[in-house]
Amino acid sequence: MTTDENLGKAAIFDLDGTLLDSMGVWDQIDAAFLAKRGIAVPDDYMETVTAMQFRDIARYTIDRFGLDDTEDELMDEWDRMAHDAYTSVVRPKAHALDYLRYLKDTGARLAVATTMPAGLRAPALRHAGMLGMFDAIVGVDDVGRGKEHPDIYLEAAARVGVPAHAATVFEDLLAGVRSAVRAGMRVWGVYDASSAQVWPSIEQAAHGTITDFAQAPRPLDG
């Protein structure tokens, strides 16, 4: 039976590492991509690029490693490598689908705020059984800045017609947690192995943290 306990509220979700157990995919892509060029993945590379827009990652990678590739060539190569994984290997995080269904049944508006390239979003969501569950999907490319800025979260809230204070953000990225807090939203840090080293900082910055969506708030904050 449905209720209206979350009417007038929104939940904004990151995809990689939050709703989707997918961050290991990008570790594998980075390793394979750089290995083809005789380069080992530096320890700080993934942490540096994870909040960036896709084209900015390509530009940074070319500059850092002195590559001859163009930005478009890099992005096309990464897209091809990622597409297979997102449509065959990547799965939802534990209890994520159940939580999304609960939120919809209780009146919440649902949005995605992601750094994932636009061409991967629908295939990834379809494979995870989540396509069609969201009222808005916003990428960093839509706002022109990465997740170290709050623009993407504010845009997601605006697209679903909810003020910032009535939005709850779920995010595994420290930079995203911090910027969503600055935007005046309630923020829950979501544990992912890729963020293990900064998890204490996420716990400190977020209003709450979860390791499984069975622990997510009912009803929403805000």
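The values are calculated or read from the model by the stated rules, or taken from the named source; none is laboratory data. These numbers were taken from a predicted model, which means no experiment stands behind them. Virtual Cβ from ideal backbone geometry, glycine too; neighbours counted across all protein chains shown. Only protein heavy atoms, including side chains, enter the accessible area calculation; ligands, DNA and RNA are left aside. Shrake-Rupley method; radii C 1.70, N 1.55, O 1.52, S 1.80 Å.
Observations
- Within the range 85-147, helices (runs of 4 or more DSSP H) holding 1 or more residues that are within 21 Å of residue 215 (Cβ to Cβ) and of a type outside the set (Phe, Trp, Tyr): 96-105
- Count of residues meeting criterion [open to solvent by 50 Å² or more (accessible area, probe 1.4 Å), in a helix (DSSP H, G or I) and farther than 19 Å from residue 115 by Cα] in the range 154-166: 1
- Residue 11 meets all of the listed conditions (1) part of a helix (DSSP H, G or I); (2) modelled with pLDDT of 95 or more; (3) not basic (Lys, Arg) but one, namely (1).
Residue-by-condition table, conditions (1) touching a Gly at 6+ places or on another chain (Cβ under 7 Å); (2) more than 23 Å from residue 202 (Cβ to Cβ); (3) among the polar types (S, T, N, Q):
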{"site": "133", "(1), (2), (3)": "no, yes, no"}
{"site": "140", "(1), (2), (3)": "yes, no, no"}
{"site": "143", "(1), (2), (3)": "no, no, no"}
{"site": "148", "(1), (2), (3)": "no, no, no"}
{"site": "157", "(1), (2), (3)": "no, no, no"}
{"site": "161", "(1), (2), (3)": "no, yes, no"}
{"site": "166", "(1), (2), (3)": "yes, no, no"}
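- If the condition is being aliphatic (A, V, I, L, M) and either farther than 14 Å from residue 20 by Cα or buried (at least 22 other Cβ atoms within 10 Å of the Cβ) (or both), then the range 105-127 contributes 108, 110, 111, 112, 113, 116, 118, 120, 124, 125.
- Test: residue in the range 35-53 that is among the β-branched types (Val, Ile, Thr), more than 25 Å from residue 100 (Cβ to Cβ), modelled with pLDDT of 95 or more and open to solvent by less than 70 Å² (accessible area, probe 1.4 Å): yes
- Looking across the range 54-92 at every residue that is under 18 Å from residue 130 (Cα atoms) and open to solvent by 30 Å² or more (accessible area, probe 1.4 Å), the one that is modelled with the highest pLDDT is identified as 92.
- Whichever residue in the range 172-222 is in contact with a Pro (Cβ under 8 Å, 6 or more places away or on another chain), open to solvent by less than 40 Å² (accessible area, probe 1.4 Å) and not in a loop (DSSP other than H, G, I, E, B) and, among such residues, is farthest from residue 115 (Cα to Cα): 208
- Entry remark, the range 135-147: residues being open to solvent by 30 Å² or more (accessible area, probe 1.4 Å) and over 24 Å from residue 72 (Cβ atoms) number 1 in total.
- Residue check, residue 169 part of a strand (DSSP E or B), crowded, with 22+ Cβ neighbours inside 10 Å and of a type in the set (A, V, I, L, M): yes
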